[in-house]
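Chemist: Mind looking over this structure? Questions follow.
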Amino acid sequence: MNSNRNMLDIYFWDEYAKIYEQVESGEVEKFTYKNEKGEIHYQFIKRLIPIKVSDIEYYDITTPYGYGGPIVLNCEEGKLDELINDFNNAFLSYCEKNRIVAEFVRFHPIIKNHLTFEKIYDPIFLRNTVGIDLKKEDLFMDEFSSKCRNMVRKAIKRSVSIEFDFNCDTIDCFYDIYISTMNKNNATDYYYFPLDFFIKTINFLKPYVFIVNAKLNEKIISSSMFMYSDEFVHYHFSGTVPDYYKYAADNLILFEVAKWAKEHNKIYLHLGGGYTNSENDSLFKFKKSFTKDTIFDFYVGKRILNNQIYDLLTMENIKKKGEINQNFFPAYRA
């Protein structure tokens, strides 16, 4: 287990990143920089670029699905700018030595590490994410919207019950419901994770991952997977049987998990963002109903580390595929 585990949210753990090696077709690597001024931890997935230049292989790096990026573990007072500059110089040397061409970072919206490293990455705002502030005394009245409260009451009135599965024994049922939800939402191929992926998530993150099921007449009608660390609980994956959307089971699940998280002294239940960047996104609007003002900014960082090779790789991709999406990063993977 990661020796820094107790200092970091679960997205920064070694085990979390390892889950996504197969998804991202790469291998987890860590770059830890330490000197007398402090220490910075950075974990990412290094991917082989499927195009060669003069028979030489090159790589790019990405943070795993979710959130991450470099994070300062400790720093001498007044030395942060110097530490970051030293880290960046060492990291650029590492990238040159390892033929790393480009870098994509998903920063952590609650920790806000995009602010710490903004001089390096010039972060780009992508979308808002939603949290439930567990410090509120009465979550139901002080945090939830009136519409959300009504949906929770509706689920209870319709005899929906909630069961926590801390052993994740109901993973097969969760998976069936998750896939049916992806089908209904016409999800992209990326989100059709195989069952083995979820089993790996459970095996790698136990006991910090659990499933919560909503049942009606003993039938599971909605199922969600959560992860947690010292301060945060994360709404990771979820699904509802399409015929049972009207029962508001997912509202009741999140209400019960928020109560559990508060009882266990967590600070936020983080729900994440929507399917798109739009404020009218249906998933974002659903999540936003759980809070009056707990909104976070999600930023990403994009860096080209070797402009010459990046351009050559992009030209090869254009030759191979013709017109490409110019907004896609990195362009040679468009």
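The values are calculated or read from the model by the stated rules, or taken from the named source; none is laboratory data. All values derive from a computational prediction rather than experimental measurement. Every residue, glycine among them, receives a Cβ derived from its backbone with ideal geometry; neighbour counts consider all protein chains shown. Accessible surface areas use protein heavy atoms only, side chains included; no ligands, DNA or RNA. Shrake-Rupley method; radii C 1.70, N 1.55, O 1.52, S 1.80 Å.
Chemist: Looking at Lys302, Lys262, which is the one that is part of a strand (DSSP E or B) and either surrounded by fewer than 21 Cβ atoms within 10 Å (Cβ to Cβ) or in contact with a Cys (Cβ under 7 Å, 6 or more places away or on another chain) (or both)?
Modeler: Criteria check complete, one pass: Lys302.
Chemist: Now for a separate question. Taking Leu73 as meeting all but one of (1) under 30 Å from Pro194 (Cα atoms); (2) in contact (Cβ under 8 Å) with a residue 60 or more places away in the chain; (3) open to solvent by 20 Å² or more (accessible area, probe 1.4 Å), write down the number of the exception.
Modeler: (1)
Chemist: Within the set of pairs 6+ apart or on separate chains, which have a first residue in the stretch 273-286 that is within 9 Å of Asn128 (Cα to Cα), a second that is buried (at least 18 other Cβ atoms within 10 Å of the Cβ) and β-branched (Val, Ile, Thr), and C-beta atoms under 6 Å apart?
Modeler: Gly273/Thr129
Chemist: Check Ile309, Ile318 and return the single one that is open to solvent by 20 Å² or more (accessible area, probe 1.4 Å), of a type outside the set (D, E, K, R) and assigned to a helix (DSSP H, G or I).
Modeler: Unique residue meeting the criteria: Ile318.
Chemist: What number of residues within the stretch 265-299 are open to solvent by less than 70 Å² (accessible area, probe 1.4 Å) and not in a strand (DSSP E or B)?
Modeler: 15
Chemist: Identify all residues within the stretch 4-60 that are without any contact (Cβ under 8 Å) to a residue 12 or more places away in the chain and part of a strand (DSSP E or B); write none if there are none.
Modeler: Thr32, Lys34 - these are the residues of the stretch 4-60 that are without any contact (Cβ under 8 Å) to a residue 12 or more places away in the chain and part of a strand (DSSP E or B).
Chemist: Find the residue count for the stretch 213-249, including only residues that are farther than 19 Å from Gly272 by Cα and either among the β-branched types (Val, Ile, Thr) or touching a His at 6+ places or on another chain (Cβ under 7 Å) (or both).
Modeler: Adding up the residues that qualify gives 3.
Chemist: Can you tell me which residue is farthest from Leu80 (Cα to Cα) among those in the stretch 111-129 that are of a type in the set (A, V, I, L, M, F, W, C) and open to solvent by 40 Å² or more (accessible area, probe 1.4 Å)?
Modeler: Among them, the one singled out is Leu126.
Chemist: Let me ask something additional. Could you give every pair whose Cβ atoms fall below 6 Å, whose first residue belongs to the stretch 80-109 and is touching a residue at least 12 places away in the same chain (Cβ under 8 Å), and whose second residue is assigned to a helix (DSSP H, G or I) and of a type in the set (S, T, N, Q), counting only separations of at least 6 or pairs across chains?
Modeler: Final answer for the pair search is Phe107/Asn113.
Chemist: Tell me whether the stretch 103-110 contains one or more residues that are open to solvent by less than 70 Å² (accessible area, probe 1.4 Å) and over 16 Å from the mean Cα position of the chain (by Cα).
Modeler: Looking for residues that are open to solvent by less than 70 Å² (accessible area, probe 1.4 Å) and over 16 Å from the mean Cα position of the chain (by Cα), one finds at least one in the stretch 103-110, hence yes.
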